[in-house]
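J.: Handing you this structure, nothing more for now.
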């Protein structure tokens, strides 16, 4: 669906995006994360065709964005962080204007606007002036213009900004529904949002792509935490000899018990490794108090990526 190759963008001397490459499959929901200034918004603007890259290429649905921007933009829904709404217009009039800009044929506009209003639960507000709406309802108007015309690619920058918990859950349900027929790129500062919605995460750091991984990979590390007694001094060497174990790190003792962090090889099956490790401990004559797969939350991964040495 999306192929990004060596994407680079400068603002004067400032290198905002530095040689970034990634691909996104059809109907994936991908979270784009990074601190302010990491390059998220610049990448989204380049994907939308709003900004041109200084170097690199973007292909969407097999079409080169550099030469086929108009064709791609007709299949694109984009919600920027700063809402693209006109306060003096009524909701329905604004959506009709947005549909015209997107090139939706006149005979289809009414139906497409009705679909967007229904999807965002804005039908009762269709004839209200946008300036009379709350921040959360204005956010939904922005989303409504993004989903007009059933786009195949949605780029959403902070889509739940200003929404209360109930509206946030509704927005999540809407994004999941849209992902059945569209690829979704979601930028947010809320880690729970990514956990709840995304299949993959791209983490940017100082303009570079620092991590590209599935949420499943991130949450299930290949590290086991082992606690045993301290009577078998040869246990660390025995663990290091195991074929599934890549490395053994001795952790500080706790209550007279030995603690180890065991990193498994990439091709090792975790269940098989755990069974073999427990047998190793028991056969060595030691007591096994704990053997547990270490799981990581997204916030921990984000902090780890952003504290690495350059």
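Each reported figure results from applying straightforward, stated rules to the coordinates on display, with no laboratory input. Predicted, not measured: the structure shown is a model, and the values here were computed from it. Don't worry about glycine lacking a Cβ; one is built from the backbone with ideal geometry, like all the others, and counts go over all protein chains shown.
J.: Please state the relative contact order of the chain as a whole percent: Cα pairs under 8 Å, 6+ residues apart?
T.: 19
J.: What angle, in degrees between 0 and 90 and rounded to the nearest 10, separates the Cα long axis of helix 165-178 from the longest principal axis of the Cα atoms of the chain?
T.: Relative to the chain, helix 165-178 is tipped by roughly 80 degrees.
J.: Taking only Cα atoms and a 10 Å spring cutoff, compute GNM fluctuations for the chain and point out the largest among 87, 236, 159.
T.: 236
J.: May I pose another question? Before rounding to the nearest 500, sum -39500 (n - 2.57) across all DSSP H runs of length at least 4 in the chain and divide by the residue total; then give [θ] at 222 nm in deg cm²/dmol.
T.: Helix contribution divided over all residues of the chain: -10000 deg cm²/dmol.
J.: Let me ask something else about it. Would you mind ranking 227, 180 by Cβ crowding within 10 Å, fewest neighbours first?
T.: 180, 227
J.: Based on alpha-carbon centroids, what's the gap between the range 139-164 and the range 19-75 in Å, whole number please?
T.: Using only Cα atoms, the two centres lie 17 Å from each other.
J.: Among 276-287, 22-33, how do they line up by average Cβ neighbours within 10 Å per residue, starting with the highest?
T.: 22-33, 276-287
J.: Can you give me the angle between helix 135-147 and the longest principal axis of the chain, using Cα atoms only, in degrees from 0 to 90, rounded to the nearest 10?
T.: That helix lies at roughly 80 degrees to the long axis.
J.: Let me ask you something else. Cβ neighbours within 10 Å, averaged per peptide: list 249-255, 116-122, 136-142 in order, most packed at the top.
T.: Taking the mean over residues of other Cβ atoms within 10 Å, the ranking is 136-142, 116-122, 249-255.
J.: Report, to the nearest 10°, how far helix 106-119 tilts away from the longest principal axis of the Cα atoms in the chain, using its own Cα long axis and a range of 0 to 90°.
T.: The angle comes out near 40 degrees.
J.: Could you check the spin-label model distance between residue 123 and residue 272? Points 7 Å from the Cα along Cα→Cβ, value in nm.
T.: That separation, rounded to one decimal, is 5.6 nm.
J.: Between the range 247-310 and the range 3-17, how far is it from one alpha carbon centroid to the other, in angstrom?
T.: For the range 247-310 versus the range 3-17, the Cα centre distance is 39 Å.
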